[in-house]
Amino acid sequence: MISTATTLLVLTLGIGAPARNARPSAATPAVEGAAPAASLSQVEVNGRVDAYLRSIDTPIGAERWRALGPAAVAPLEAIANDADAFPSRRAKAVAALSAIGGARAQKVILGRLRAEGDEYAVRASAARAAGHFLSASAAAKELRPILQRASDPRLRATAAEVLARKAPRSACGDIRTQVAREKESAKASYGKALESCGEE
């Protein structure tokens, strides 16, 4: 009898008591991205977008942005187009739009790519994003003017990197010509582009 009673007591006390090292379930609020996008309100999506953009130590992968779905495009567009926002935040928003995709997201990305007054971080993010969805000919049309005329040498080098990967046959000649025009201090930035073009 004593043994049976003791066993019942142990079992009763054990119910609902999680193990010390138990992993949280998918329903745990601390696990971001657990809720399907369809179950989130627009306010919740907006909050998730803000949290992801603020994240510093935890990388936010493309799959987590895609999980938010089209509802995330509007808040990301507002941030990407906000001239008063930090350039790093705007650049992250552009990259997130690239992960989500769609006509509206692509329009925003191209708008930022063409905005000559935008900071390097924003336009560089847009150049890389555009390289994911533009055809080779469209990428050449958008990025060749940046390669040749952008005032920031870092942006010229970024355009070269995307062009070399996206349209090497048509772009590598232009890239080599541009490198020859650059100051010695800027030529090192073209390393990835030249490597893609078959040069060390």
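When Ala38 is evaluated against the numbered criteria (1) touching a helix residue (DSSP H, G or I) at 6+ places or on another chain (Cβ under 8 Å); (2) modelled with pLDDT of 95 or more; (3) not β-branched (Val, Ile, Thr), which criterion, by number, is the only one it fails?
Single failed check for Ala38: (2).
Only residues that are of a type outside the set (A, V, I, L, M) and either more than 21 Å from Gly101 (Cβ to Cβ) or surrounded by 14 or more Cβ atoms within 10 Å (Cβ to Cβ) (or both): list them for the range 40-54, please. Working first, answer last.
Looking only at the range 40-54, we keep the residues that are of a type outside the set (A, V, I, L, M), and these are 41-42, 44, 46-48, 50, 52, 54.
Residues satisfying the conditions are Ser41, Glu44, Asn46, Gly47, Arg48, Tyr52, Arg54.
Among the residues of the range 149-190, write down those that are among the acidic types (Asp, Glu) and surrounded by 22 or more Cβ atoms within 10 Å (Cβ to Cβ). Explain how you work it out, then say what you get.
As a first pass, look at the range 149-190 and keep what is among the acidic types (Asp, Glu): 152, 161, 174, 182, 184.
Result: Glu161, single match.
When the residues of the range 104-125 are narrowed to those that are of a type in the set (A, V, I, L, M) and without any contact (Cβ under 8 Å) to a residue 40 or more places away in the chain, which ends up farthest from Ile146 (Cα to Cα)? Show your work before the answer.
Kept after step one, since they are of a type in the set (A, V, I, L, M), are these residues of the range 104-125: 105, 108-110, 113, 115, 121-122, 124.
When the remaining residues are screened for being without any contact (Cβ under 8 Å) to a residue 40 or more places away in the chain, the result is 105, 108-110, 113, 115, 121, 124.
Values: Ala105: 21, Val108: 17, Ile109: 15, Leu110: 13, Leu113: 9, Ala115: 11, Ala121: 14, Ala124: 10 Å.
If we take residues in the range 104-125 being of a type in the set (A, V, I, L, M) and without any contact (Cβ under 8 Å) to a residue 40 or more places away in the chain, then Ala105 is farthest from Ile146 (Cα to Cα).
Asp118 versus (1) outside any loop (DSSP other than H, G, I, E, B); (2) in contact with a helix residue (DSSP H, G or I) (Cβ under 7 Å, 6 or more places away or on another chain); (3) open to solvent by 10 Å² or more (accessible area, probe 1.4 Å): which is the lone unmet condition?
All conditions pass for Asp118, except number (1).
Need pairs with beta-carbon distance below 6 Å; first residue in a helix (DSSP H, G or I) and within the range 154-169, second of a type in the set (D, E, K, R) and buried (at least 22 other Cβ atoms within 10 Å of the Cβ); sequence gap 6+ or separate chains.
From the range 154-169, the pairs are Leu155/Arg123.
Cβ-Cβ distance below 6 Å, separation of 6 or more or different chains: which pairs start in the range 126-151 with a residue that is part of a loop (DSSP other than H, G, I, E, B) and end on one that is modelled with pLDDT of 95 or more and open to solvent by less than 60 Å² (accessible area, probe 1.4 Å)?
Close Cβ pairs (under 6 Å, with a partner that is modelled with pLDDT of 95 or more and open to solvent by less than 60 Å² (accessible area, probe 1.4 Å)) amount to Ala150/Arg156.
Would you confirm whether or not the range 126-148 contains a residue that is among the charged types (D, E, K, R), crowded, with 23+ Cβ neighbours inside 10 Å and either in contact with a Lys or Arg (Cβ under 9 Å, 6 or more places away or on another chain) or more than 16 Å from Leu163 (Cα to Cα) (or both)? Please lay out each step first, then the result.
Taking the range 126-148 and keeping what is among the charged types (D, E, K, R), we get 128, 141-142, 144.
From the residues that got through so far, the ones that are crowded, with 23+ Cβ neighbours inside 10 Å too are none.
No, there is no match, as no residue in the range 126-148 is among the charged types (D, E, K, R), crowded, with 23+ Cβ neighbours inside 10 Å and either in contact with a Lys or Arg (Cβ under 9 Å, 6 or more places away or on another chain) or more than 16 Å from Leu163 (Cα to Cα) (or both).
Please determine whether any residue of the range 108-115 is at pLDDT 95 or above, of a type in the set (D, E, K, R) and open to solvent by less than 50 Å² (accessible area, probe 1.4 Å).
yes
The values are calculated or read from the model by the stated rules, or taken from the named source; none is laboratory data. Bear in mind that the values here come from a model prediction, so they are computed numbers and not experimental data. Cβ sites come from the backbone with ideal geometry, for glycine too, and all protein chains shown count toward neighbours. For the accessible areas, the whole protein counts, side chains as well, though only heavy atoms, and no ligand, DNA or RNA atoms are used. Shrake-Rupley method; radii C 1.70, N 1.55, O 1.52, S 1.80 Å.
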